[in-house]
Structures are given as structure tokens and as C-alpha cells.
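Notes follow the structure.
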Amino acid sequence: MRISLIYLSLQDITFVKRLYSKLMNNLKRNKYWEWAYLLMYMPFIVTILSHIFVSGTRLKAETWQITELLINYQGGFIRRGLIGEIMYFLKSTLGIDVILQAYIFSIASFILFSYLIIKDTIKRGYSILMLPTAMLLSSLFVSEHWVRKDVFIMLLFYAVVRLLRNRKFFNYLLANILLIIGTLSHEIILFIAAPTILISQLTYDDKRVGIKKLLRGVATSILYFSPVLATGVLVAINKGDITTAQAIWDSWVQQGVLNTEMKGAIAGVGWTSKYAIEYGTEVWTTVRCGVYYPIMWTLLSLCAFVIFVWMYKPKPQLFGYKPTNDFNTQESAYIIIAQFLAVVPLLLVFADTSRLFFYVVMSAYIIRLYDNKNCYTTLLGNLPKTIAKKMNAVENYIAGHTKSFIAFAFIIGLPSISVSALEHIVLHGQVGFFFKSIIDLIKAL
């Protein structure tokens, strides 16, 4: 029997209760903070080790995750084809296996991204408690979904945000190059970077922005980033068709990588705009396992907002590091709302909506990490009194229930029981998948 507002099975609910009880007991004793923190990464680590040592769990070339990386330019210029073209070159000239390429690409991106973000967070004196929760608020680390280009896109965004802190010609040039690389890999980077680009042109000083300054900032942004916008137009025009999709598929068949009928993300290249929209919006118009999906997505959005805005408040000592600095609550609220609004246009065509949580939350975190001038507050002013009052009430409540809030954040962040893993939880039992991966790993070793 399946129940719950967040698609948890009865077995998963029992697991949640035990996990919550264990966390509450452990968090009362500071020496267990590190174990609670590391617990966040365990499903991801076990899944990677399982893929490395257990051949039966490894991805096949025709799966959606791999075929998304295999989209190339062998059928002509097309959006999202840059990474696939590089992989095609490495396979055709050096004979490097594409599955190995995909694994190295994904794991290396994750390790580098994690290192840079954690290092900079510690350097600025902020709490690292939120980081694993933010990174796991998506399907990114649910079973095989970590083998994707998402973390690579965020690496490029991270570099762009750092570059735009200084208004120099070389910085703008390099930011354009990185954004063009990102756009040719996946156009979503244009949406998540749009607020940052505009803000970088508006915050010359601490004065409020009038209509003239706003229009000047928009015009300047268009001028400075015209190469990126031109690239965006090109990928929008060259979205592909069934002929292009077949040419891409055949190119990999010739390399001995694919040999079945066309499927996965490459088949998606041949979709018409009408079909793509119907496919993307299907999730919003259906009831899955007896629960209306938009309700689930709304609940997780609220949870992500609460975690993002207030997770920095607890400041436990982790691995010898004690945070000394605070994020601005109002600024955090503005940033994550702006990033969410930036990707709203994608909700109608982006079928894998859970991936958006990773893009929204992590891009907002990167912006907040480097926003030394409280730019969003400068631009938008103070929150309306009614909203500010309610946010203060939430903050006061969290202050009185810190450990419960941390346990809640950990549970929401765990991929095995997050709303972003709905189908895995209901149809396959993600908790069961986690323990099965451990068993397979032990057998292999």
C-alpha cells in the first residue's frame, strides 16, 4: 500500500521515522555532527562505487543519460551538441569508450565543483551545513541521474559569477566564452545566468535603480553579451529534426556504440515543438500514484525556499571548522526567487522538472556566496512589511527548534526520500535501491 503527501511508501515512512529519531539523538552531541553531514553523501557515493565495481549496474549507451551526452554535430549544427562532438572525436580518433568518458566527465565535474564551492564557503566564513542539502535537492544523485552535464553547467556558471565581480574587458571576454560553451552544451545556462548578467550592469553604486538606469543596464547587458545572445538564437533555431536525429544516431552506430533503434535523448532531437511541449507539460496535467503532481512540486519548492533562506543559521563545528559569518535573510529570499522566476519559462517544455531544483538552488547559492554588496536588496529595496513579518516568525520558530529544522533539511535533501525522486520512490522503492546497491557492492568486493 502506497501513501503520503510526498509519495513515500509505508516502508520509506518507517525509514524516515528511524532516521529522524537517530539524527535528533546524534545532533544533541556535537561529535556526531560530522557523521550526520557525511550521511548526506552516502547514497551518491554508494551508487558511484556500485557503478564502478558492479558491471550489471552500469549505464548502457542507449539510456537517456548517455544519449543526452552523445548528441553531436554529425548531422549538422544543433543545440546541445558540443559535448557529444568532443566525445565523438575521442571515440573515433583515440577509441576511448563513451561510457568511460561519461563517467569521468560527470565524476570530475562533481569533485571539482564540490571542492571550489566548499573552499570558497569556508574562506568567507559561512556555514557549510547547507551544501549537501542544496546539491541533493534534485534528481541529480538519484540512481543513475548523476551522469549528466548539469554539474558541468554549474561549473561554468560559477566561473562566470566570479568573473563578473570585476568590470574588466578580459573578464567580460572570458565570461562570454564560458557562456557560449555552456549554451552550446545546454541552453539552460542562459536562463540561470540572466539575472546575474543584468545585476552586474545595474550595481555600480548603492543607489536605488530608476527606470533610466534599468533600461541602460539592460541595453549594456545586451551589448556586452551579444555574442552569447547570438549563440542562443542559433541554438534556438537549430533545435533539430528527425533527419538530424537519425544522422546523429547513425554516426554512433558506425562507431559500434549504438545498434538498436533510435531512442533516448537523441530521439528527442527529432521531436516537433508541439510534441515537446505536450511531453513537457504532461507531468503537470496528470495524477501520479493518486497524488496531483503540481502539489508535490509546490511543497518541495517551499521546502527548498525555507532551507535555502535559513539553513545558514545553525553553526555547528564541522571537521574543525567553525563558521563565523551570516548570509542576509532578505537577500537570500530575493536571490532564490529571482533564480526561480528565471527558469519559469522552462517549466512548460522541461520534462525533467526535478533537475530545475539543482539549477535554481545551486545557482542561487553561488550568487549569494559572491554578492558582497547585497545587490538584490539594493535594487529591490526592503521586503514588504507583511512578508517580512511572516519571515521573521519563521526565523524565530526555527531558532527555537534548530535541531528539528536541521533534521528536516537533511531528510528533504536525501535523494532516497525527496519529492524529486517520486517515481523511483513509488515504483521502485529508492530506499530499497540504496541498500541493494550496498549489497551488490559488497558482493563485488
List the residue pairs whose Cβ atoms are under 7 Å apart, where the first residue sits in region 82-94 and is at negative phi and basic (Lys, Arg), the second is modelled with pLDDT under 95 and open to solvent by 50 Å² or more (accessible area, probe 1.4 Å), and the two are 6 or more positions apart or on different chains. 91/255
Selected residue (criterion: most open to solvent (accessible area, probe 1.4 Å)) from residues of region 293-336 that are free of Cβ contacts under 8 Å to residues at least 40 places away in the same chain and aliphatic (A, V, I, L, M): 302
Being at pLDDT 60 or above and under 21 Å from the mean Cα position of the chain (by Cα) is the filter here, so list the residues in region 407-419 that pass it. 408, 409, 410, 411, 412
Residue count for region 58-74, restricted to those that are surrounded by fewer than 22 Cβ atoms within 10 Å (Cβ to Cβ) and in contact with a Ser or Thr (Cβ under 7 Å, 6 or more places away or on another chain): 2
Within region 244-281, tally of residues that are open to solvent by 50 Å² or more (accessible area, probe 1.4 Å) and part of a helix (DSSP H, G or I): 10
Quick test for you: out of 152, 191, pick the one residue that is at pLDDT 90 or above, out of contact with any Leu (no Cβ under 9 Å at 6 or more places or on another chain), within 22 Å of residue 239 (Cα to Cα) and open to solvent by 10 Å² or more (accessible area, probe 1.4 Å). 152
Testing residue 97 on (1) of a type in the set (D, E, K, R); (2) free of Cβ contacts under 8 Å to residues at least 40 places away in the same chain; (3) buried (at least 18 other Cβ atoms within 10 Å of the Cβ), one condition comes back false. Which one is that? (3)
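The values are calculated or read from the model by the stated rules, or taken from the named source; none is laboratory data. A quick note: this is a predicted structure, and the numbers were derived from the prediction, not measured. Methodologically, a virtual Cβ is constructed for each residue, glycine included, from the backbone with ideal geometry; neighbour enumeration extends over all protein chains shown. When the accessible area is computed, the model is the full protein with side chains, heavy atoms only, and any ligands, DNA or RNA have been set aside. Shrake-Rupley method; radii C 1.70, N 1.55, O 1.52, S 1.80 Å.
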